[in-house]
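The values are calculated or read from the model by the stated rules, or taken from the named source; none is laboratory data. What you are looking at is a predicted structure, and each value in this text was computed from that prediction instead of being measured. Cβ coordinates were reconstructed from backbone atoms using ideal geometry, including for glycine residues, and neighbour counts include every protein chain displayed. Each accessible area value is taken on the protein alone, full model and side chains, heavy atoms only, with ligands, DNA and RNA left out. Shrake-Rupley method; radii C 1.70, N 1.55, O 1.52, S 1.80 Å.
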Amino acid sequence: QVQLVESGGGLVQAGGSLRLSCAASGRTFSTYAMGWFRQAPGKEREFVISSWADGSTYSSGSVKGRFTISRDNAKNTVYLQMNSLKSEDTAVYYCAKGSSSRSAWSEAAYDSWGQGTQVTVSS
């Protein structure tokens, strides 16, 4: 079982930036897709962005152009760079490991989850 540990959450003003990190255990990190999801208060968890093993990335429309995902396979770490943050980005952000090299938007395509990190954007 892969363990995922997120860090980097916090409080930021609207328009600001934040970078989240997710460190993964295991030696096959590079062969799997990695994704970020978020859950706002009173809402269901939603897909944010994913990175396939081949380097392709996919993002939801609500964060396109503002959020980017990157990964350092040597460090078994995936990052979420969030720019131009809005109050509606406030949520608990979860890192997830795909069950294959090409997992995208569906939660069912991910088999390991981190504990989540809170991001609060003040307006």
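One residue is enough: does the range 4-18 have a residue meeting the conditions farther than 19 Å from Ser123 by Cα, open to solvent by 30 Å² or more (accessible area, probe 1.4 Å) and not in a strand (DSSP E or B)? Lay out the reasoning, then the answer.
Narrowing the range 4-18 to residues farther than 19 Å from Ser123 by Cα: 4-8.
Subsequent filtering for residues that are open to solvent by 30 Å² or more (accessible area, probe 1.4 Å) retains 5, 7-8.
With not in a strand (DSSP E or B) added as a condition, the list becomes 8.
Checking the range 4-18: at least one residue is farther than 19 Å from Ser123 by Cα, open to solvent by 30 Å² or more (accessible area, probe 1.4 Å) and not in a strand (DSSP E or B).
Please specify each residue of the range 70-83 satisfying the condition of being out of contact with any strand residue (DSSP E or B) (no Cβ under 9 Å at 6 or more places or on another chain) and either assigned to a strand (DSSP E or B) or farther than 9 Å from Phe29 by Cβ (or both).
Ala74
Just one of the numbered conditions (1) open to solvent by 60 Å² or more (accessible area, probe 1.4 Å); (2) in contact (Cβ under 8 Å) with a residue 40 or more places away in the chain is not true of Ala24: (1). Of the residues screened, Ser62 is not one that is modelled with pLDDT of 95 or more and touching a strand residue (DSSP E or B) at 6+ places or on another chain (Cβ under 6 Å). Selection of the range 30-58 for residues being under 21 Å from Thr120 (Cβ atoms), touching a strand residue (DSSP E or B) at 6+ places or on another chain (Cβ under 9 Å) and either open to solvent by 30 Å² or more (accessible area, probe 1.4 Å) or not β-branched (Val, Ile, Thr) (or both) yields Trp36, Phe37, Arg38, Gln39, Ala40, Pro41, Lys43, Arg45, Glu46, Phe47.
Taking the conditions exactly as written (more than 14 Å from the chain's Cα centre (by Cα), within 14 Å of Phe47 (Cα to Cα) and not in a loop (DSSP other than H, G, I, E, B)), does Ala108 satisfy them or not?
Details: more than 14 Å from the chain's Cα centre (by Cα): yes; within 14 Å of Phe47 (Cα to Cα): yes; not in a loop (DSSP other than H, G, I, E, B): yes.
Yes; evaluated as a whole, the condition is true for this residue.
Scanning the range 111-123 for residues that are open to solvent by less than 30 Å² (accessible area, probe 1.4 Å) and in contact with a Gly (Cβ under 6 Å, 6 or more places away or on another chain) yields a total of 2. Annotation: of all residues in the range 71-110 being open to solvent by 60 Å² or more (accessible area, probe 1.4 Å) and free of Cβ contacts under 8 Å to residues at least 40 places away in the same chain, the one that is farthest from Trp36 (Cα to Cα) is Ala74.
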